[in-house]
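For reference, the structure I am asking about is given below.
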Amino acid sequence: MIRYTSLRLLQTLPVLLGVSIVVFILVRLIPGDPAVAALGSRATPQLIARVRDQLGLDMPLWKQYFNFLGNALRGDFGISFFYQQDVWRVTVERLPITLALMAYAVAMAVILAVPCAFLSAARRGQATDHAIRILFTIGLGMPVFWSGIILAYVLGVKLQLFPITGRGDGGLDTLMHLTLPALTLAISISPILVRSLRSSITEVLASDYVTTGRAMGLTSTTLNISYVLRNSLRPVVTVVTINLGYLIGGTVIVEQIFSLAGVGSLLIGSIATRDYAVIQLASLIFALLVVVTNLVGDLLYILLDPRMALHR
Amino acid sequence: MSGTSKKTGMIVAAALVLAGGGLVLHLSRENPAATAPAAPRDNKTLIVARPADIFTFDAFNTQDDRSMFTQLTVFERLVKLSADGKSVEPELATEWTVAPDGMSATFKLREGVKFWNGNLLTAKDVVFSLTRAIDQKGSWGFLFSPIKVVEAVDPQTVRIVMSEPFAPLLPALSTFAASIYEEANFVGQGAAAGEHPMGTGAFMLESWNRGQNVVMTANPTYWQSGKPSIGKLIFRVVGDEAARTLQLASGDIQVATDVPANQIDQITAAGGKVVTVPGSSVGFVTMNHKVKPFDQAAVRCALAWAVDRESIAKSIYFGRAHAAKSILPTSTFFYDSETSPIGFDLKKARELLASSTVPKGFSFTATVPSGDNTKLSIAQIWAAGLAQIGVTMNIEQVEATTAQEMYNTEKFTMRISAWTNDTPDPDQLMGVALDYRPQNALHSSYRNDTALNMVLAGRSELDPAKRQTIYTDLQKLINHDCPFIYTVEEDRIFATSPRVTNFTPNSQGKYSFENTNLN
């Protein structure tokens with residue numbers, strides 16, 4: 001297990017290298033650079049040349065990349081042009097809020113999805129099943145920016161149940177502040193969870209060992225939790241890990257709506273200002289997050305189904 | 001096996017919960033500056049939500065409105081615009097005299113004005129600040145181009161010497177670009193001077209959490225006794241316009257800027273107040289005259305006559321705009337609406353097009369910044385008008401910075417935007433639009449020496465009546481030659497909590513808070 005984990009972690013290195021090359025080239029291929037973004041319409045060729053010289057943007061691309069790579073290997077990701085601060089500090093100090101938001105959203109989505117999927121599968125073809133499926137299909141159709149605004153208006157402004165802006169002062173206060181953003185994200189990903197979990201539960205419910213268990217007199221609680229749910233959970237892990245990219249995309253929008261200073265909103269702002277150093281580090285962090293989550297997903301697979309360990 | 005897995009599962013679950021909890025707790029310890037209060041802690045904290053952060057406190061390279069307006073709050077200038085926007089009043093200077101030949105002006109500084117650090121304002125600081133302001137290498141040097149030198153006569157007196165009479169001197173000195181700051185602090189800060197201002201304004205910078213907020217506290221040594229009444233002023237970044245409206249309704253913020261017209265009803269229904277500055281921004285279209293057939297005035301004017309300005313004002317701005325009659329906002333000095341302005345007349349547009357080399361029409365691509373639905377809607381309404389005269393306008397939505405690069409490098413055909421002025425004097429806008437030497441007439445490649453000479457004459461003419469004639473003639477020239485196309489003049493809209501009083505942005509839509517109260 002340790003060897004497997006170490007190997008998988010080693011495999012992240014070429015992924016990160018690839019991502020760094022692609023992001024490095026892509027951001028420089030888009031017209032406009034930090035000088036243009038900062039100087040706007042009054043930019044004179046002289047001012048632009050001066051800023052480009054200051055930022056080293058007049059060097060050949062390959063040289064800029066190797067400078068970046070060499071410095072990054074030493075833990076130096078450069079200085080943000082816009083923030084005028086160490087990029088590592090700018091980006092990493094925003095990471096906890098984004099991670100907390102994503103974790104909270106996944107937890108909420110699972111809490112929403114598991115009972116609904118169970119109910120839907122258990123009452124397959126009945127009114128409850130149809131109602132649940134329609135409800136979650138509506139959720140799937142709602143764009144994140146719209147559902148976020150509606151939740152903020154109804155639960156935040158009208159009912160005043162949750163705050164709608166900022167990150168709070170830590171602990172329970174932060175949890176309250178993150179509730180609406182996390183719920184917004186949960187609504188967007190839970191339909192996919194419900195759908196896959198429902199079909200998985202339906203399949204397990206029809207399996208022989210469930211029939212046997214039932215015949216042996218197991219209580220429905222034991223049967224459902226220890227046998228049905230446990231054996232149905234694997235698709236959930238797959239769906240969550242696969243949809244992490246989508247979740248990151250949603251986080252970017254949700255952070256804007258709820259004024260959360262996370263990495264997502266930082267990345268969007270940095271693309272507008274062409275803050276290359278921040279874009280590079282934020283992209284690497286997100287890439288690392290996807291790779292590590294996939295690894296965690298694989299490890300969870302083994303925990304859920306020890307037979308999987310034999311195939312490693 | 002099952003039992004072991006259960007235990008492992010529980011451990012994993014517990015670890016996840018702890019990690020999540022730890023993360024949440026960690027948030028309160030990490031970056032304390034970033035955890036600026038989400039809501040006012042007392043009734044004297046005013047939170048203003050704006051769509052983006054500022055770039056700098058240094059006017060030298062300032063480009064964005066947010067930076068300009070923030071600089072107006074922390075710094076002061078020798079003079080300021082009067083409340084009606086029609087004249088200038090004393091600020092850091094108590095009196096001034098302009099030499100009869102118009103070649104110099106002498107300013108007497110207000111006694112006893114202190115910077116936030118307690119140091120007295122002297123002529124040396126004014127000379128330092130204004131010498132940087134007039135530097136032609138800076139972004140705003142053009143506003144002061146006739147100024148040769150700024151010199152200290154004595155510690156309380158400053159003289160500005162010009163190379164020619166300079167009529168817009170006082171309005172130019174009222175702009176953010178002529179802000180006065182402490183020389184010792186600026187020099188001492190070195191490259192970080194744009195982040196650590198030292199001014200005499202009503203509010204002093206407490207912290208700037210980039211991308212999140214600018215926190216300011218009342219200046220205890222402010223020279224206007226009893227002001228400001230607000231203890232703390234926070235400019236918070238709220239990128240989403242709907243989120244700004246929601247935060248105002250929930251009481252999280254007290255002022256929202258950049259309010260779209262379609263949210264006014266929602267704001268007033270929720271008890272909010274709407275503050276509008278009429279006529280401070282004019283929809284503006286730049287054509288690249290190097291691209292044929294935009295080199296012909298008949299074509300440009302035909303396109304201009306096909307803009308249904310009334311429909312745009314009504315359907316896009318919900319009545320919070322009106323048909324523009326000049327490239328100048330109405331609040332500009334010497335604005336003249338009686339200069340045969342261009343309206344909506346498809347017959348005239350067809351006649352003009354018939355007299356050009358493309359009598360049957362042509363097609364072209366207009367660039368609109370992506371995400372800007374207002375500009376997109378304007379383009380769509382205009383495209384419908386153009387289709388009726390045989391012209392096809394393809395609309396290309398381009399990411400904002402990319403669009404900026406296309407404009408700066410003149411790789412565009414048509415750019416749909418809007419503009420505002422920073423001084424009420426028409427010299428600024430007429431200068432950048434018609435003086436082709438510094439910026440190729442807003443990158444349009446329009447070259448008209450008659451227009452250029454009129455701009456220069458208007459700048460050096462001290463007689464207001466003669467200036468009125470010059471600027472009236474310039475507005476007529478623009479309506480005849482159509483180097484640029486104006487669309488509608490829109491209100492600048494703010495929303496405030498009913499608790500806010502005396503929030504009065506000036507005629508250019510610029511705001512400061514020394515007179516604002518929070519009840």
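The values are calculated or read from the model by the stated rules, or taken from the named source; none is laboratory data. Bear in mind that the values here come from a model prediction, so they are computed numbers and not experimental data. Cβ atoms come from the backbone with ideal geometry, glycine included; neighbour counts cover every protein chain shown.
Only one of these conditions is not met by A:D86: (1) more than 19 Å from A:G56 (Cα to Cα); (2) more than 9 Å from chain B (Cβ to nearest Cβ). Which number is it?
Result: A:D86 passes all but (1).
Please verify whether segment B:188-211 includes one or more residues that are within 23 Å of B:A123 (Cα to Cα), acidic (D, E) and touching a residue at least 40 places away in the same chain (Cβ under 8 Å).
No: segment B:188-211 contains no residue that is within 23 Å of B:A123 (Cα to Cα), acidic (D, E) and touching a residue at least 40 places away in the same chain (Cβ under 8 Å).
When residues of segment B:266-296 are filtered for being within 30 Å of A:V254 (Cα to Cα) and under 25 Å from the mean Cα position of the chain (by Cα), how many remain?
6
Looking only at residues that are surrounded by 22 or more Cβ atoms within 10 Å (Cβ to Cβ), touching a residue at least 40 places away in the same chain (Cβ under 8 Å) and among the hydrophobic types (A, V, I, L, M, F, W, C) in segment A:256-278, which one is farthest from B:D53 (Cα to Cα)?
The selected residue is A:A277.
What number of residues within segment B:160-213 are in a helix (DSSP H, G or I) and crowded, with 18+ Cβ neighbours inside 10 Å?
Looking only at that region, the number is 13.
Quick one: is A:V237 in contact with a Ser or Thr (Cβ under 8 Å, 6 or more places away or on another chain), assigned by TED's automatic domain parsing to the domain that holds A:V144 and among the β-branched types (V, I, T)?
no
On to the next question. Do we have B:G385 as among the small types (G, A, S) and farther than 30 Å from B:D240 by Cβ here?
Against the criterion (among the small types (G, A, S) and farther than 30 Å from B:D240 by Cβ), B:G385 qualifies.
Let me ask something else about it. For B:A323, which of the numbered conditions (1) under 19 Å from B:F294 (Cα atoms); (2) touching a residue at least 12 places away in the same chain (Cβ under 8 Å); (3) of a type in the set (G, A, S) fails to hold?
Unmet for B:A323, out of (1) under 19 Å from B:F294 (Cα atoms); (2) touching a residue at least 12 places away in the same chain (Cβ under 8 Å); (3) of a type in the set (G, A, S): (1).
Separate question: Quick one: is A:F145 in a helix (DSSP H, G or I), among the aromatic types (F, W, Y) and surrounded by 15 or more Cβ atoms within 10 Å (Cβ to Cβ)?
yes
So that you can scan it fast, the table gives a plain yes or no per residue for (1) buried (at least 18 other Cβ atoms within 10 Å of the Cβ); (2) over 25 Å from the mean Cα position of the chain (by Cα); (3) of a type in the set (K, R):
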position: A:S190; (1), (2), (3): yes, no, no
position: A:S199; (1), (2), (3): no, no, no
position: A:M216; (1), (2), (3): no, yes, no
position: A:T222; (1), (2), (3): no, yes, no
position: A:I225; (1), (2), (3): no, yes, no
position: A:S232; (1), (2), (3): yes, no, no
position: A:T238; (1), (2), (3): no, no, no
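If we keep just the residues of segment A:111-164 that are away from chain B (no Cβ under 13 Å) and under 30 Å from B:G251 (Cβ atoms), which is modelled with the highest pLDDT?
Looking at residues that are away from chain B (no Cβ under 13 Å) and under 30 Å from B:G251 (Cβ atoms), I get A:L112.
Rundown of residues vs (1) within 14 Å of another protein chain (Cβ to nearest Cβ); (2) modelled with pLDDT under 90, yes/no style:
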{"residue": "B:G226", "(1), (2)": "no, yes"}
{"residue": "B:G231", "(1), (2)": "no, no"}
{"residue": "B:R236", "(1), (2)": "yes, no"}
{"residue": "B:V274", "(1), (2)": "no, no"}
{"residue": "B:V282", "(1), (2)": "no, no"}
{"residue": "B:A297", "(1), (2)": "no, no"}
{"residue": "B:A306", "(1), (2)": "no, no"}
{"residue": "B:K314", "(1), (2)": "no, no"}
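Which one of these does B:T217 not meet: (1) in contact with a Lys or Arg (Cβ under 7 Å, 6 or more places away or on another chain); (2) assigned to a strand (DSSP E or B); (3) closer than 29 Å to B:Q380 by Cβ; (4) more than 14 Å from chain A (Cβ to nearest Cβ)?
(3)
Residues of segment B:357-376 being hydroxyl-bearing (S, T, Y) and under 17 Å from B:I485 (Cβ atoms), which ones?
Across segment B:357-376, the qualifying residues are B:T365, B:T367, B:T374.
Just to check your reading of the model, which residue among A:V15, A:V22 is in a helix (DSSP H, G or I) and either surrounded by 13 or more Cβ atoms within 10 Å (Cβ to Cβ) or modelled with pLDDT under 75 (or both)?
Going through A:V15, A:V22 in turn, just one is in a helix (DSSP H, G or I) and either surrounded by 13 or more Cβ atoms within 10 Å (Cβ to Cβ) or modelled with pLDDT under 75 (or both): A:V15.
Please specify each residue of segment B:107-135 satisfying the condition of being assigned to a strand (DSSP E or B) and buried (at least 17 other Cβ atoms within 10 Å of the Cβ).
B:F107, B:K108, B:L109
Can I ask one more? Just name the residue that is nearest to B:T62 (Cα to Cα) out of those in segment A:49-100 that are of a type in the set (S, T, Y) and part of a loop (DSSP other than H, G, I, E, B).
A:Y83
Pairs please, first residue from segment B:432-458 and more than 12 Å from chain A (Cβ to nearest Cβ) and within 11 Å of B:H289 (Cβ to Cβ), second anywhere and in a helix (DSSP H, G or I) and modelled with pLDDT under 95, Cβ atoms under 6 Å, 6+ apart in sequence or on different chains.
What qualifies is B:R447/B:Y436.
Please work out which residue is farthest from B:E351 (Cα to Cα), limiting yourself to segment B:299-332 and to residues that are buried (at least 21 other Cβ atoms within 10 Å of the Cβ) and aromatic (F, W, Y).
B:Y317
Can you confirm whether segment A:90-110 contains a residue that is over 26 Å from the mean Cα position of the chain (by Cα), modelled with pLDDT of 85 or more and not basic (K, R)?
No; the residues of segment A:90-110 include none that is over 26 Å from the mean Cα position of the chain (by Cα), modelled with pLDDT of 85 or more and not basic (K, R).
Return the pairs, sorted by first residue and then second, in which the second residue is surrounded by 21 or more Cβ atoms within 10 Å (Cβ to Cβ) and aromatic (F, W, Y), the first residue lies in segment A:145-156 and is assigned by TED's automatic domain parsing to the domain that holds A:L183, the beta carbons are less than 8 Å apart, and the residues are 6+ apart or on different chains.
A:G148/A:F258; A:A152/A:F258
Could you say whether any residue in segment A:27-48 is away from chain B (no Cβ under 14 Å), at pLDDT 75 or above and part of a helix (DSSP H, G or I)?
Within segment A:27-48, not a single residue is away from chain B (no Cβ under 14 Å), at pLDDT 75 or above and part of a helix (DSSP H, G or I).
Would you point out which residue out of B:Q247, B:Q254 is within 14 Å of chain A (Cβ to nearest Cβ) and out of contact with any helix residue (DSSP H, G or I) (no Cβ under 8 Å at 6 or more places or on another chain)?
B:Q247
Go through (1) buried (at least 16 other Cβ atoms within 10 Å of the Cβ); (2) not in a helix (DSSP H, G or I) and name the single condition A:V210 misses.
The one condition A:V210 does not meet is (2).
Let me confirm something: among A:L183, A:L161, A:L95, A:L112, which residue is surrounded by 20 or more Cβ atoms within 10 Å (Cβ to Cβ), hydrophobic (A, V, I, L, M, F, W, C) and within 30 Å of B:A49 (Cβ to Cβ)?
The conditions single out A:L183.
The conditions are (1) under 27 Å from the mean Cα position of the chain (by Cα); (2) buried (at least 17 other Cβ atoms within 10 Å of the Cβ); (3) at negative phi; (4) not hydroxyl-bearing (S, T, Y), and A:L55 fails exactly one of them. Which is it?
Only one criterion is unmet by A:L55, namely (1).
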